[in-house]
Structures are given as structure tokens and as C-alpha cells.
Amino acid sequence: MKTPEIIDETIAQEFIKDSFAVDLSAAKEIADEAAEILGESEEMLDLSGLTTLSDAAAESLSRHEGGYLGLTSLTTLTDAAAESLSRHEGTLSLDGLTSLTDAAAESLSRYKGELLLSDSLVDVLARHKGDSGLSDEGGTVKVSYFERCNVVDEYSVEISLHELKDLLKENNNAVAGMSHESLLEALKTDPDQFGSLRSILDLTAQEKTVAERSDPISTETEVTDVS
């Protein structure tokens, strides 16, 4: 059985072909390309030797559907990596983590499966859940686009903050490390600071409140909390 110290594409492909031929648990590093391959695996992934994990690798591993994902040697996670791993389904072992930022704690508090952490961080997540007034999906917001003619035409859609954040990340990665509360406040202040919400949500394709009008004399986008 191979026991590599670095998981590259070749090692990942060998594991996919025969998971009993490669022991991944001793590897200290993983290439982003290898993580993308392992993210498609339906086998248990014991990556307990990894001491670092890139944001891209975390995103790939979040798609793993093999049940257990062990990352027990990681002591820190970036906010973006925590956000990605929060979407993993199954058992996620991160009991080597020594600290979490508020944004990372919020992301991991949404984890749907079994999350293994140290006792101190379990308490941090418990407090974080208790402090947040938003649901696991981050609450729901109403995004409205107004066109002012002789009357005001309103195009609007309701969407969870979690879904909206994912859409905004595709346009501007600056939102990746933001908590739902901070993102909501930022959007209320300037709805289009991370990209045009009207375009991202295709608001003019939504049902509007009044009949067709002539060209608008002014426009405005607004975000309101409806949760």
C-alpha cells in the first residue's frame, strides 16, 4: 500500500481506482487538482495528515459524498475554506482547529451533518448560533428593482441570503468571508457594490406590480430583510 506525503493528481487517480491501494492519511499536502479528483470520490476520505488546505481544495472537497471527511491536523481555516466545507454532507472532522473567526464560525454553524470539533470550538459555535437572529439559510431578503415613470414599476424576488451570497461570490469573491449579517448591512447601504443585483437576479424578467410602461426616467435597486 502506498503512503504518499503529497497527494498529487496521480495519487488521487490511483485512490479513485482502488481506495485500498493508497493510504492518504499520512499526506501533509494536497494539490488543488488532486482535491478536485477526490471531491468526486464516494469513499471515506481520511486526510488527517494535511496541515494546510487551500480555498480551492476546500471547495472541491466540499462536494465529496463518501460520508466521512477527516481533516484533523488542520489548526486553522480561512473564512472561504470554512464556507466551502460547511456545504459538505456527512461527517466532517476538524477537531484539530484551535480557533475560528466569526465568519468561519457562522459558516460551520450551518453544517447539516456531524461536525467534530474540539470542546472549546463546540462552545464557540453554540454561542454563535444563539447570538444569530438569522436562520441556517441566513434569512430571506427581498431584492427590488424600481423603474420610475409616471408611476413606479417594481420588479422583485425573494431569496435566502445564503443563495444570494453564492451568486454574488461568482461575480465578486470579496463576499466569501463576510457573515450574513455584515453582507445584509452592506447590501442595504449599497445594493450594487458587489455587482448589479438587477442583472445577477435578472429582475426585469420577474413579475412586476403594474403594466408595461415607457422608458423609465430613473431607476433604483433596494434590499430589505423579510425574515
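So here's what we get for this one:
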quantity: Failed item in (1) at pLDDT below 80; (2) under 21 Å from the mean Cα position of the chain (by Cα); (3) part of a strand (DSSP E or B); (4) surrounded by fewer than 16 Cβ atoms within 10 Å (Cβ to Cβ), with GLU158 passing the rest; calculated: (1)
quantity: Filtered residues of segment 187-206 (kept if over 21 Å from SER84 (Cβ atoms), hydrophobic (A, V, I, L, M, F, W, C) and under 20 Å from the mean Cα position of the chain (by Cα)); calculated: LEU187, LEU197, LEU201
quantity: Within segment 76-125, tally of residues that are charged (D, E, K, R) and in contact (Cβ under 8 Å) with a residue 40 or more places away in the chain; calculated: 5
quantity: From ARG110, ARG148, residue being of a type in the set (Lys, Arg), more than 19 Å from PHE194 (Cβ to Cβ) and at pLDDT 75 or above; calculated: ARG110
quantity: Any chance GLU106 is farther than 20 Å from MET178 by Cβ, of a type in the set (D, E, K, R) and outside the structural domain of GLY177 (by TED's automatic domain parsing); calculated: no
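The values are calculated or read from the model by the stated rules, or taken from the named source; none is laboratory data. No experiment lies behind these values; they were computed from the predicted model shown. Neighbour counts run over all protein chains shown; Cβ positions are idealised from the backbone, glycine included.
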